[in-house]
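Engineer: Sharing a structure with you now.
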Amino acid sequence: MFRTLDISASGLMAQRLRMDTIAGNIAQSNTTVNEEGKVAPFQRRLVTFQAQQESSSQPAGGLAVEAQVDLDTQTPFRKVHQPGHPHADADGNVTLPNVNTITEFVNAIEAGRSYEANLSTMEITKGMIQGAFKLLG
Amino acid sequence: MLSQALAAGNVNLLKQAARFAENRQEVLAGNIANIDTPGYKMRDLPVDSFRAALATAMEFERGQRPTSSSPGLTLSNPGSTVQPIQQVSDLFPDQLFEAIDPERQPGITFQDAGNRSIESQMLGMTKNAVYQNFALELLRLQYDQLSSAISEQA
């Protein structure tokens, strides 16, 4: 029963990490300088999920989730013509991060809902554990 | 069903039912945790097989005890209880408590063809919790009956 709580907690952590990443993406959606002070657009981050591998010692049960932050290298950077911008190239184009705020918001809603689902699961599990404890009288 | 389950000697069946519900909760929690994992297949315990095993065990228990109206007698006699318990637990092999990937029609809603539905998972979980609660409540009633029988004797 306590493993059930661990599994739900892994879901909570994964969705929270996703939410953190989304918040970071939105916050950096116009950043054109990297952390070393060089002119380079912020690269969008995204979270990948993977079901935890089943251990052969335990009987087949629920699977926890593992989340990992990766860089989005596929989506092209946005180019905006702003000749006066200090970070504009020779043609007057500024390269902005490959962050689409609409995509981020949609993902944020999904992450929030999934987080809630894991929380509800935990509540139900806690109710079951308490019910088992009642047997003690 | 209620009157049968209330008869003493079904304690083992109720225990199995509670155990099954708790294991199933773990699997359903894993499904919810992996709701956004690409390519993940929703798992479940073999609910139908368990129900069939439970029905068989109930039949077996009824056949085992000639008078179900005298629970005190069967409980006080160790010789008659030990043997059936051993056999009833044989009806619940460990495979019944292990997760399976149920065959499902591939969905077209998601790109990985996973047919995930958070609603059906939550519904299954709620029903499962009620089921566990039901089994535990009946179990508690039986223990209460037992303890009141003991205290009245003293």
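The values are calculated or read from the model by the stated rules, or taken from the named source; none is laboratory data. Note that the coordinates shown come from a computational prediction; the quantities given were computed from them, not determined experimentally. Using ideal geometry, Cβ is built from the backbone for each residue, glycine included, and neighbour counts are taken over all protein chains shown.
Engineer: Filtering region B:20-50 down to residues that are modelled with pLDDT of 90 or more and charged (D, E, K, R), which residue is surrounded by the most Cβ atoms within 10 Å (Cβ to Cβ)?
Structural biologist: For region B:20-50, the residue satisfying everything is B:Arg24.
Engineer: I've got another one for you. Of everything in region A:101-137, what is without any contact (Cβ under 8 Å) to a residue 24 or more places away in the chain, touching a helix residue (DSSP H, G or I) at 6+ places or on another chain (Cβ under 9 Å) and more than 25 Å from B:Glu119 (Cα to Cα)? Give them in sequence order.
Structural biologist: A:Lys134, A:Leu135, A:Gly137 - these are the residues of region A:101-137 that are without any contact (Cβ under 8 Å) to a residue 24 or more places away in the chain, touching a helix residue (DSSP H, G or I) at 6+ places or on another chain (Cβ under 9 Å) and more than 25 Å from B:Glu119 (Cα to Cα).
Engineer: Look at B:Pro71 and say whether it is at pLDDT below 70 and touching a Leu at 6+ places or on another chain (Cβ under 9 Å).
Structural biologist: The answer is yes for B:Pro71.
Engineer: Restricting to region B:13-39, count the residues that are in contact with a helix residue (DSSP H, G or I) (Cβ under 8 Å, 6 or more places away or on another chain) and outside any helix (DSSP H, G or I). Let's see the steps before the verdict.
Structural biologist: Applying the first criterion (in contact with a helix residue (DSSP H, G or I) (Cβ under 8 Å, 6 or more places away or on another chain)) to region B:13-39 yields B:13-26, B:28-36.
Then drop every residue that is not outside any helix (DSSP H, G or I), which leaves B:34-36.
Number satisfying all stated conditions: 3.
Engineer: Restricting attention to region A:1-43, report how many residues are in contact with a strand residue (DSSP E or B) (Cβ under 6 Å, 6 or more places away or on another chain) and closer than 13 Å to A:Gln68 by Cα.
Structural biologist: Here the count works out to 6.
Engineer: All but one of (1) modelled with pLDDT of 80 or more; (2) within 14 Å of chain A (Cβ to nearest Cβ) hold for B:Leu13; which doesn't?
Structural biologist: With (1) modelled with pLDDT of 80 or more; (2) within 14 Å of chain A (Cβ to nearest Cβ) applied to B:Leu13, the lone miss is (2).
Engineer: Taking the conditions exactly as written (within 30 Å of A:Phe2 (Cβ to Cβ) and among the β-branched types (Val, Ile, Thr)), does A:Val65 satisfy them or not?
Structural biologist: yes
Here is a yes/no grid of residues against (1) over 30 Å from B:Thr37 (Cβ atoms); (2) at pLDDT below 80:
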{"position": "B:Pro66", "(1), (2)": "yes, yes"}
{"position": "B:Phe97", "(1), (2)": "no, no"}
{"position": "B:Glu119", "(1), (2)": "no, no"}
{"position": "B:Glu137", "(1), (2)": "yes, no"}
{"position": "B:Gln145", "(1), (2)": "yes, no"}
{"position": "B:Gln153", "(1), (2)": "yes, yes"}
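Engineer: Counting only residues that are within 14 Å of chain B (Cβ to nearest Cβ) and surrounded by 13 or more Cβ atoms within 10 Å (Cβ to Cβ), give me the strands (runs of 3 or more DSSP E) lying completely in region A:29-137 with at least 1 of them.
Structural biologist: Correct list: A:45-51, A:65-71.
Engineer: Determine whether A:Arg3 is charged (D, E, K, R) and touching a Leu at 6+ places or on another chain (Cβ under 7 Å).
Structural biologist: No: the conditions fail for A:Arg3.
Engineer: Within region A:1-17, take every residue that is in a helix (DSSP H, G or I) and of a type in the set (A, V, I, L, M, F, W, C) and give me the one that is farthest from the other protein chains (Cβ to nearest Cβ). Full working, then the answer.
Structural biologist: Initially, region A:1-17 is screened for residues in a helix (DSSP H, G or I), giving A:2-17.
Remaining after also requiring of a type in the set (A, V, I, L, M, F, W, C): A:2, A:5, A:7, A:9, A:12-14, A:17.
Working: A:Phe2: 10, A:Leu5: 8, A:Ile7: 5, A:Ala9: 9, A:Leu12: 8, A:Met13: 9, A:Ala14: 7, A:Leu17: 12 Å.
Per the stated criteria, the residue is A:Leu17.
Engineer: Being free of Cβ contacts under 8 Å to residues at least 60 places away in the same chain and of a type in the set (Gly, Ala, Ser) is the filter here, so list the residues in region A:1-22 that pass it.
Structural biologist: A:Ser10, A:Ala14
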